[in-house]
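Just below is one structure, and these are the notes that go with it.
The values are calculated or read from the model by the stated rules, or taken from the named source; none is laboratory data. Everything numeric in this text was worked out from a predicted model, so none of it was measured. When we count neighbours, we look across all protein chains shown, and the Cβ atoms used for this are built from the backbone with ideal geometry, even at glycine. All accessible areas refer to the heavy atoms of the entire protein, side chains included, with ligands and DNA or RNA removed. Shrake-Rupley method; radii C 1.70, N 1.55, O 1.52, S 1.80 Å.
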Amino acid sequence: MKIIAPLAIVAASLSVVNAVTVTLVGVANTPTGFITYGTTTLASGSAYFYSSSVDLNAAQVASVTTRAAFEALLTADPGLVRGAVAFTNGTLVSSGATEMGAVGNKTYLFFEGADGIGIYQGPSVPALGAITMNATTMIEDLKGTSLLQNNGSFNSGFQLVPEPSIALLGALGALGLLRRRR
């Protein structure tokens, strides 16, 4: 019994050794680009940071319109690591030590605004150091774009895409205007 207890403690601690805590930084501002709808309208909403062993691609998230649908594609290893972090008028600043799961996990940034969403894959989890998530450090744009663009007034960094229901309502409104003109 005396030998089994210490071995059980060592075995339990080894199973958690794979998890690392690093500094996780999310930023959208003038130098790195704001969060926008298209490139001209500043967005407000919530940001969610994830870490998972699942490596998603754009085809897998093409039909995703909600955060719950996105989370269903991931494993909980650890899954959501920070959020909801509010962003207003396109600005996001979030920084702090965060348990990110295993080294090599994929990181994801999910934006949810009133008029659209964006899903981006960031750098993999390192053994030490920091993960910075901004428009210039994204590995893959899964839904929306993270192309730093200047529209003459400000830099747009994350361009969110309209949710299908919003696009449909806009199309119906445009159809009504066309019908009215005739």
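Quick grid of which residues meet (1) acidic (Asp, Glu); (2) at pLDDT 95 or above; (3) surrounded by fewer than 13 Cβ atoms within 10 Å (Cβ to Cβ); (4) farther than 25 Å from Ala59 by Cβ:
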site	(1), (2), (3), (4)
Gly90	no, yes, no, yes
Glu112	yes, yes, no, no
Ile117	no, yes, no, no
Asp141	yes, yes, no, no
Leu169	no, no, yes, yes
Gly173	no, no, yes, yes
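Considering only residues of the stretch 69-82 that are outside any loop (DSSP other than H, G, I, E, B) and under 13 Å from the mean Cα position of the chain (by Cα), which is nearest to Thr30 (Cα to Cα)?
Going through the qualifying residues, I end up with Arg82.
Can you tell me which residue among Val93, Val85 is in contact (Cβ under 8 Å) with a residue 60 or more places away in the chain and either in a loop (DSSP other than H, G, I, E, B) or under 21 Å from Leu160 (Cβ atoms) (or both)?
Working: Val85 fails: in contact (Cβ under 8 Å) with a residue 60 or more places away in the chain.
Within the list Val93, Val85, the selection yields Val93.
Would a scan of the stretch 58-67 turn up a residue that is open to solvent by less than 30 Å² (accessible area, probe 1.4 Å), in contact (Cβ under 8 Å) with a residue 24 or more places away in the chain and within 16 Å of Pro162 (Cα to Cα)?
Start the filter on the stretch 58-67 by keeping residues that are open to solvent by less than 30 Å² (accessible area, probe 1.4 Å), which leaves 61, 64.
With the extra rule that they be in contact (Cβ under 8 Å) with a residue 24 or more places away in the chain, the set shrinks to 61, 64.
Going one step further and asking which of them are within 16 Å of Pro162 (Cα to Cα), we end up with 61, 64.
The answer is yes; a qualifying residue exists.
Specify which of the listed residues (Ala19, Ala11) is modelled with pLDDT under 95, over 13 Å from the mean Cα position of the chain (by Cα) and surrounded by 16 or more Cβ atoms within 10 Å (Cβ to Cβ).
Values: Ala11 fails: surrounded by 16 or more Cβ atoms within 10 Å (Cβ to Cβ).
When all the criteria are applied, what remains is Ala19.
Select from the stretch 22-33 the residues that are open to solvent by less than 30 Å² (accessible area, probe 1.4 Å) and assigned to a strand (DSSP E or B) and list them in ascending order. Walk me through how you get there before you give the answer.
Within the stretch 22-33, the subset open to solvent by less than 30 Å² (accessible area, probe 1.4 Å) is 22, 24, 26-28, 32-33.
Answer for the stretch 22-33, where residues must be open to solvent by less than 30 Å² (accessible area, probe 1.4 Å) and assigned to a strand (DSSP E or B): Val22, Leu24, Gly26, Val27, Ala28.
What single numbered condition from (1) at pLDDT 95 or above; (2) surrounded by 12 or more Cβ atoms within 10 Å (Cβ to Cβ); (3) touching a Ser or Thr at 6+ places or on another chain (Cβ under 7 Å) fails to hold for Ala97?
All conditions pass for Ala97, except number (2).
May I ask you to verify whether Ser52 is modelled with pLDDT of 95 or more, in contact with an Asp or Glu (Cβ under 9 Å, 6 or more places away or on another chain) and among the small types (Gly, Ala, Ser)? Break it down into steps so the answer makes sense when it comes.
Numbers: modelled with pLDDT of 95 or more: yes; in contact with an Asp or Glu (Cβ under 9 Å, 6 or more places away or on another chain): yes; among the small types (Gly, Ala, Ser): yes.
Taking the combined requirement at face value, the residue satisfies it.
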